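**Student:** Pasting a structure here, questions to come.
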Amino acid sequence: MTSYENLLTQKEKAIELGLTFSNVSHDAEIQSISKKIKFNKFLFKKLLAKETGAKPITISSDENTLLIQFCLKGSSNFNNSQKKPIVFKQAEYNILYLPKEETTTIINTEDCDLIHIYLGENFFLQYMSRDYGVPLYNLIGIGKLFHNNLYLSPKLKSVLAEIENCDFGKNLKSLYTKGKIIEILSLQLAQYEEEKIIPSTLKPLEVEKMIMVKELIESDLSSSPSISSLARAAGTNEQYLKKHFKLLFGSTVFGHMISCKMEKAKEMLLTGQYRITEISEVVGYKHATHFTNAFKKFFGYLPQSLKATKIFFGTYFSFGLELETMELLMMI
């Protein structure tokens with residue numbers, strides 16, 4: 001999938017939205033690069049540091065647009081003339097409201113990798129009820145929906161990888177992507193609901209320690225560090241680690257560790273390039289049978305079944321559930 005791929009279904013070609021996407025250069029000898037991108041209802045776009053560099057990027061739209069920004073690596077600042085910059089650190093995301101014809105500038109670090117999902121306002125509101133409590137309707141100008149950025153979970157990473165790795169033809173790929181974007185919105189709302197109950201008494205230093213533990217877990221999936229070793233590394237004790245990690249990320253330390261391992265394994269399986277034994281080693285299992293049992297317990301099906309399903313369909317469908325979703329989407 002190319003960076004600027006248009007994702008349209010046959011039924012939805014009547015209404016298109018336009019984005020102006022520019023790489024701004026301060027060097028007088030180098031012209032700014034501007035692209036007008038047409039899309040209908042939704043657009044998936046990956047921005048890699050090696051492609052965009054550290055040059056500022058400006059975005060404007062000819063209609064009200066929602067942008068889900070995932071900061072995979074590095075850091076990113078959204079700047080506009082009206083408000084303070086919206087800052088994204090590694091593994092954070094938020095939903096941004098981009099009003100019609102207003103311009104925002106994104107300044108990234110040199111190592112910043114991003115994923116953008118653009119949604120037309122009507123498409124977004126079709127799946128985001130006014131009764132849900134997300135403060136879209138109180139925003140004036142460019143702004144973020146969630147007061148604090150949310151953390152990118154292993155499950156969300158897996159869904160993003162599924163969109164990127166999908167190798168269907170154009171129309172079916174669009175339908176598949178649409179279903180996955182709806183799934184992403186559901187996961188984000190569930191996470192938002194969980195994180196609303198985090199007490200304001202959780203101090204910034206405690207948050208930093210929990211983020212450190214999360215990064216330690218995710219940086220080496222071939223190991224399974226103990227709670228005590230993670231607590232020592234973060235400069236806290238086991239009791240506080242268990243309590244604060246659950247409050248901040250909505251999962252136990254062990255649960256997050258397993259989720260990261262299984263979602264990574266699923267991502268590797270979807271590529272079709274790795275054997276079960278290779279994957280089990282990457283995610284820290286000495287014996288492939290132990291990995292297979294853990295995978296089945298986590299997802300409800302064997303990793304071999306996932307490989308077979310990918311070969312048959314050309315991409316991944318979980319048995320029954322997503323096929324039913326596809327059928328529903330065809331009627332929307």
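**Student:** From the cross-link list 83/243; 209/266; 178/203; 41/264, which pairs have alpha carbons spaced over 32 Å apart? All intermediate terms of the calculation are to be shown ahead of the outcome.
**Tutor:** On the way: 83/243 35 Å; 209/266 28 Å; 178/203 38 Å; 41/264 30 Å.
Among 83/243; 209/266; 178/203; 41/264, the Cα-Cα distance tops 32 Å for 83/243; 178/203.
**Student:** If a paramagnetic tag sat 7 Å from the Cα of residue 215 along the Cα-Cβ line, which residues of segment 90-121 would have the backbone N under 12 Å from that point?
**Tutor:** Answer for this model: 90-92.
**Student:** Can you check what the net charge comes to around residue 233, using other residues whose Cβ is under 14 Å from the Cβ of residue 233 (Lys, Arg +1; Asp, Glu -1)? Please report the intermediate quantities before stating the final value.
**Tutor:** Values: positive: 209, 214, 232; negative: 208, 215, 218, 220, 238.
Around residue 233, the charge tally is -2.
**Student:** Taking the beta-carbon count within 10 Å as an exposure proxy, list 192, 97 from fewest neighbours to most. Could you put the intermediate results ahead of the total?
**Tutor:** On the way: 192 18, 97 21.
So the residues, fewest neighbours to most, are 192, 97.
**Student:** Another one. Would you mind counting up the charge near residue 101? Only other residues with Cβ under 12 Å from its Cβ, with Lys and Arg at +1 and Asp and Glu at -1.
**Tutor:** Values: positive: 100; negative: 62, 63, 102.
Its environment carries a net charge of -2.
**Student:** Return the long-range amide H neighbours of residue 42 (sequence gap of 5 or more, or a different chain), with a cut-off of under 5 Å between placed amide H atoms.
**Tutor:** Answer set, sorted by chain and number: 120.
**Student:** Along Cα→Cβ, 7 Å out, is where each label goes; now give me the distance between the ones at residue 125 and residue 305 in nm to one decimal.
**Tutor:** My value for the distance between the label points is 4.2 nm.
Throughout, read-outs are computed from the coordinates displayed, never taken from laboratory work. As the structure is a computational prediction, the values presented were derived from the model and not from experiment. All Cβ positions, even for glycine, are placed from backbone atoms using ideal geometry, and neighbour counts span all protein chains on display.
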